[in-house]
1. Return yes or no: is GLU238 open to solvent by 70 Å² or more (accessible area, probe 1.4 Å) and in a helix (DSSP H, G or I)?
2. If a residue has to be open to solvent by 10 Å² or more (accessible area, probe 1.4 Å) and within 13 Å of SER67 (Cβ to Cβ) to count, how many in region 100-120 make the cut?
3. Might you check whether a residue that is open to solvent by 50 Å² or more (accessible area, probe 1.4 Å), β-branched (Val, Ile, Thr) and more than 30 Å from ASP210 (Cα to Cα) occurs anywhere in region 121-128?
4. Filter region 193-215 down to residues that are at pLDDT 85 or above and among the hydrophobic types (A, V, I, L, M, F, W, C) and give me whichever is nearest to the chain's Cα centre (by Cα).
5. Go through (1) aromatic (Phe, Trp, Tyr); (2) open to solvent by less than 10 Å² (accessible area, probe 1.4 Å); (3) at pLDDT below 95; (4) touching a Ser or Thr at 6+ places or on another chain (Cβ under 8 Å) for TYR159 and report which single condition fails.
6. Can you pull out every residue in region 79-98 that is of a type in the set (Ser, Thr, Tyr), surrounded by fewer than 20 Cβ atoms within 10 Å (Cβ to Cβ) and in contact (Cβ under 8 Å) with a residue 40 or more places away in the chain?
7. Just the residues that are part of a helix (DSSP H, G or I) and out of contact with any helix residue (DSSP H, G or I) (no Cβ under 6 Å at 6 or more places or on another chain), please, taken from region 202-223.
8. From the residues in region 25-76 that are in contact with a helix residue (DSSP H, G or I) (Cβ under 8 Å, 6 or more places away or on another chain) and open to solvent by 100 Å² or more (accessible area, probe 1.4 Å), which one is nearest to MET113 (Cα to Cα)?
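The values are calculated or read from the model by the stated rules, or taken from the named source; none is laboratory data. Being a predicted model, the structure only gives us computed values, none of them experimental. Using ideal geometry, Cβ is built from the backbone for each residue, glycine included, and neighbour counts are taken over all protein chains shown. When the accessible area is computed, the model is the full protein with side chains, heavy atoms only, and any ligands, DNA or RNA have been set aside. Shrake-Rupley method; radii C 1.70, N 1.55, O 1.52, S 1.80 Å.
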Amino acid sequence: MSSKEGSGGFRKRKHDNFPHNQRREGKDVNSSSPVMLAFKSFQQELDARHDKYERLVKLSRDITVESKRTIFLLHRITSAPDMEEILTESEMKLDGVRQKILQVAQELSGEDMHQFHRAITTGLQEYVEAVSFQHFIKTRSLISMDEINKQLIFTTEDYGKENKTPSSDGQDKQFGTWRLKITPVDYLLGVADLTGELMRMCINSVGNGDIDTPFEVSQFLRQVYDGFSFIGNTGPYEVSKKLYTLKQSLAKVENACYALRVRGSEIPKHMLADVFSVKTEMIDQEEGIS
């Protein structure tokens, strides 16, 4: 072993022989030099960008939580006597979610959205799922991405709803508008998650004696699945990954429709939900084994 190598067999670095206080002299650094000033501005810019990213992550979490609460509320519509009351309450909750999205739009004002997209994509997907679920309950159709984006154009009046106080620089914000566009990927992923909620609504409606909803949901899910099949493996990885879950939801709904059509007259209505839950577990076990 060479004398320059230690007991571990690693070669010593040259500066290891110098005392620690002689390796770098801080007094030789000129803090007013152009290089130091440039790097200080870089530091401030990166810190500001990091803080903005963290604020967007927090807003995205709030959007996700409120959107999930809206979806849970809408699931009560299968057993509630007053459908309009739940739809009105869900619209109020979605208005609160849009106020959070307004804050996101203000944070991204003048910024490239794609640099911060990862921070907000989860919340936007959950919002698409909630608003499309509500739209399906109302119209039995799929809301378009353009319709969602039209709801995400905010004016100064919307800003006043959130703050409840008039702006001091009223002239600057008198004609101010903020907007946030849902990307195609966020829209597709939100619609893919919607299929799982429709499957749950289908099973719950059967348990409450609603025989028409499963067939409406089944027809709708087939159309959605056909649309996703055209994308196939050419789209983003997340879309192709959720295609399998979509297929599972469609199979469970079709199984429920089959049981209704073939054995509906044999099984009492109050026992239909139990029969479907058992068959759903059997399908999950078969898919797990395969």
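1. Here the answer is yes, as GLU238 does meet what is asked.
2. Residues that pass the stated criteria total 1.
3. Taking region 121-128 first, the residues open to solvent by 50 Å² or more (accessible area, probe 1.4 Å) are 122.
Still in the list and also β-branched (Val, Ile, Thr): 122.
Of the ones still in play, those that are also more than 30 Å from ASP210 (Cα to Cα) are 122.
Yes, region 121-128 contains a residue that is open to solvent by 50 Å² or more (accessible area, probe 1.4 Å), β-branched (Val, Ile, Thr) and more than 30 Å from ASP210 (Cα to Cα).
4. Across region 193-215, the extreme among qualifying residues is LEU194.
5. Evaluating TYR159 over (1) aromatic (Phe, Trp, Tyr); (2) open to solvent by less than 10 Å² (accessible area, probe 1.4 Å); (3) at pLDDT below 95; (4) touching a Ser or Thr at 6+ places or on another chain (Cβ under 8 Å) leaves (2) as the failure.
6. Our first condition is that a residue be of a type in the set (Ser, Thr, Tyr); within region 79-98, this holds for 79, 88, 90.
Applying the additional criterion that residues be surrounded by fewer than 20 Cβ atoms within 10 Å (Cβ to Cβ) yields 79, 88.
SER79, the sole residue that qualifies.
7. If we filter region 202-223 for residues that are part of a helix (DSSP H, G or I), which is where we start, we get 202-207, 212-223.
Hits for region 202-223 are ASP212, GLU216, GLN219, PHE220, ARG222, GLN223.
8. Checking each candidate, the answer is ARG55.
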